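Comments concern the structure below.
The values are calculated or read from the model by the stated rules, or taken from the named source; none is laboratory data. Please read all numbers here as calculations on a predicted model, not as lab measurements. Every residue, glycine as well, gets a Cβ built from its backbone with ideal geometry; the counts of neighbours run over all protein chains shown.
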Amino acid sequence: MSDEVRSPQREPAANRPISRRKLLATMGIAGAAAVLSAYGSSAGAQAESVSGATYGKSGKPSQKPKDLMDLSYCIPVTIAELRLNDQPSSSFAYFITDWEQEGFFFYDPADTQTADNTGTVLVSASGARYKRAVDAYTVNAKWYGAKGDGIADDTLALQSALNEALRWPAANVIVPAGTYRMTAELYIFKNTHLKMDAQTVILRGHDGNVIRNYRKDDIFYGYGGNGNITIEGGILDGNATRQPRVCNGIALAHAEHITLRNLTIKDNQSGHAAELTGVRYVMIECCNFIGCMFTTQNYVEAIQLEPALIGGFAGQAADHTPTHHVTVKDCYFGPSGTPGTVPWPCGVGAHGAYPDAYFDHIIVRDNVMEQSTYWAIRPFKWRNSVIAGNHLKKVNGGMFVSTPSATSASSKDDNGVYHPVQPASTIIIEHNVMDTGTNNGIYVEGFPEGCGEKIIIANNIFKNLDGQGISLRSNHCIVTGNLIEGVKKNGIYVTDSSNVIVADNIIRDSNMSGIQANNSKRVVITDNSITNAGQTGDSTYDGIALTGSCAEVRIIGNVLRTESGKKKLRYGLNVAAAVTLLTRLQNDLRCGAVSGNLQDLSASPNTSYVDLI
């Protein structure tokens with residue numbers, strides 16, 4: 001032991017030597033190289049590789065340098081002992097031997113300000129600062145004293161690890177397996193990669209959110225807040241049955257470049273698993289959103305999109321920043337199995353907006369959603385978006401393409417002025433499977449003053465639904481290649497719409513009509529196969545029905561059938577008298593309808609191949 005450390009409590013090295021293997025394993029190759037480089041002259045080290053210096057070029061032990069434990073600059077010491085050291089020296093490397101906190105520290109004589117955080121900075125009673133040798137800005141929550149036993153309060157330890165991003169260009173924070181009890185919210189800052197083991201649990205034991213990227217006194221605008229964040233692995237447990245106050249699993253606002261990967265968020269109370277407020281360029285992949293509790297908001301979303309509004313969780317900067325460019329893929333939404341909790345009512349969606357603030361470029365694909373009690377996916381004022389490849393099982397409704405009404409809060413600005421309806425627009429819904437539901441497979445909402453538009457619904461499968469297969473109040477819409485089976489209302493229902501194509505769909509066993517168009521214009525219904533429509537009862541519904549004041553409708557090349565033993569249709573094709581400018585030809589209506597395979601009461605329908613000019 002050097003003469004510079006004299007008091008008994010500061011002489012741990014004499015009786016606790018560290019093996020070469022443990023020393024190298026703890027400090028890492030980069031750390032060992034740094035030590036040899038920085039202190040090689042005093043220890044007699046040569047300018048060669050760490051492995052070569054330690055084991056020799058032949059792979060056998062070398063005499064230069066001596067076993068690292070024998071080097072005079074390497075002092076094993078506990079955290080408590082180092083904090084008592086009143087004679088620091090920059091000639092020594094201090095090796096911390098505390099369990100799960102091992103590592104090299106060096107005295108920094110130039111620093112008189114940095115606070116002790118246990119993990120990377122230790123301050124002695126005399127004010128000396130010792131800095132941990134850190135590789136690639138990567139820290140471990142255990143260094144800061146985190147226990148992970150589900151009993152200790154690990155809030156300060158985890159927050160201290162996350163705080164490293166405030167003093168470094170970036171921070172990689174590792175949280176090993178264990179249950180970490182929190183008594184306050186955790187704040188995650190910009191340029192942070194939080195990486196948790198699959199068995200890591202962050203357990204909420206307070207009234208706030210589990211994690212958020214802004215503090216109460218932060219004010220951010222636009223996307224200028226804490227971004228470039230990745231949260232990977234682990235479980236954020238909202239602990240709703242024991243912590244009944246409203247919370248979010250993670251609340252993110254005014255930021256960009258966010259990634260959530262292989263993360264489970266469970267058992268939140270009345271809030272959201274992930275609330276995205278005024279953010280962009282977000283990737284959420286391979287995550288689980290399971291279990292929640294709620295009181296009156298039956299529409300609560302696991303992943304909620306919203307602009308930065310006064311009513312949101314965006315702190316003081318309610319500048320209406322929109323949320324856009326969000327991708328949710330390969331995730332699971334369903335029950336957690338915790339007694340007293342239910343599955344999320346809505347997997348991905350929004351329920352509030354602001355004039356001129358659209359949710360733009362939202363991608364929801366290849367997810368599994370089970371037992372949603374509202375709508376599995378709610379595209380509220382989305383545009384330029386894709387919903388594809390999702391599997392919806394035993395849900396209430398499938399996809400609710402929603403538009404704010406002219407008198408809703410989402411159409412009113414901060415001055416109380418209502419703006420014209422801004423509909424959901426330019427959305428592709430394709431290759432989804434919905435098996436068993438108590439509402440519609442897809443519902444595109446609209447109002448007299450505006451409705452959804454530019455929607456493509458293609459190649460989906462809907463079966464065993466209590467509502468419509470597809471229900472539209474929309475303009476400029478294509479419905480094609482869908483398979484709809486076993487619905488208790490219409491297979492496809494189009495009302496108050498214009499410029500709609502319904503083509504090449506297969507519809508089987510609908511209780512009401514196979515396809516109904518009502519009060520719509522410029523609708524094309526072509527090449528659809530409808531089997532066993534009208535299963536509510538004999539002579540009750542039609543295979544294809546045009547009702548109300550439909551105009552400029554083309555019914556071409558459809559095939560209708562009723563199988564033996566099934567209820568019989570009223571009419572195969574039933575056209576109301578108020579329908580105008582109908583073109584009807586080449587339909588195969590041989591379905592054995594009770595009142596006739598065809599009833600066309602419209603005036604002067606066109607049934608010829610002659611061009612209309």
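Filtering the stretch 517-540 to residues that are crowded, with 24+ Cβ neighbours inside 10 Å and over 22 Å from residue 500 (Cα atoms) leaves 532, 534. Check whether at least one residue in the stretch 550-563 is in a loop (DSSP other than H, G, I, E, B), under 43 Å from the mean Cα position of the chain (by Cα) and either of a type in the set (A, V, I, L, M) or surrounded by 21 or more Cβ atoms within 10 Å (Cβ to Cβ) (or both), and report yes or no. Checking the stretch 550-563: at least one residue is in a loop (DSSP other than H, G, I, E, B), under 43 Å from the mean Cα position of the chain (by Cα) and either of a type in the set (A, V, I, L, M) or surrounded by 21 or more Cβ atoms within 10 Å (Cβ to Cβ) (or both). Here the condition is being part of a strand (DSSP E or B), of a type in the set (A, V, I, L, M, F, W, C) and touching a Phe, Trp or Tyr at 6+ places or on another chain (Cβ under 7 Å); of 484, 525, 457, it holds for 484 alone.
Conditions (1) more than 15 Å from residue 491 (Cβ to Cβ); (2) of a type in the set (Asp, Glu); (3) not assigned by TED's automatic domain parsing to the domain that holds residue 487, marked per residue:
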{"position": "528", "(1), (2), (3)": "no, no, no"}
{"position": "538", "(1), (2), (3)": "yes, yes, no"}
{"position": "573", "(1), (2), (3)": "no, no, no"}
{"position": "587", "(1), (2), (3)": "yes, no, no"}
{"position": "596", "(1), (2), (3)": "yes, no, no"}
{"position": "600", "(1), (2), (3)": "yes, yes, no"}
{"position": "603", "(1), (2), (3)": "yes, no, no"}
{"position": "609", "(1), (2), (3)": "yes, no, no"}
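Of the numbered criteria (1) over 26 Å from residue 406 (Cα atoms); (2) in contact with an Asp or Glu (Cβ under 9 Å, 6 or more places away or on another chain), the one residue 350 fails is (1). Being assigned to a loop (DSSP other than H, G, I, E, B) and touching a strand residue (DSSP E or B) at 6+ places or on another chain (Cβ under 8 Å) is a property that does not hold for residue 291. When 166, 158 are checked against the criterion of being under 19 Å from residue 214 (Cβ atoms), among the hydrophobic types (A, V, I, L, M, F, W, C) and without any contact (Cβ under 8 Å) to a residue 24 or more places away in the chain, 166 stands alone in meeting it. Filtering the stretch 304-333 to residues that are closer than 22 Å to residue 244 by Cβ and either at pLDDT 95 or above or part of a strand (DSSP E or B) (or both) leaves only 304. A search for C-beta distances below 9 Å between a residue of the stretch 395-409 that is free of Cβ contacts under 8 Å to residues at least 40 places away in the same chain and any residue that is among the hydrophobic types (A, V, I, L, M, F, W, C), counting only pairs 6+ apart in sequence or on different chains, returns 408/353.
Every test in (1) at pLDDT below 95; (2) in contact with a Ser or Thr (Cβ under 8 Å, 6 or more places away or on another chain); (3) crowded, with 19+ Cβ neighbours inside 10 Å is passed by residue 221 save one, and that test is (3).
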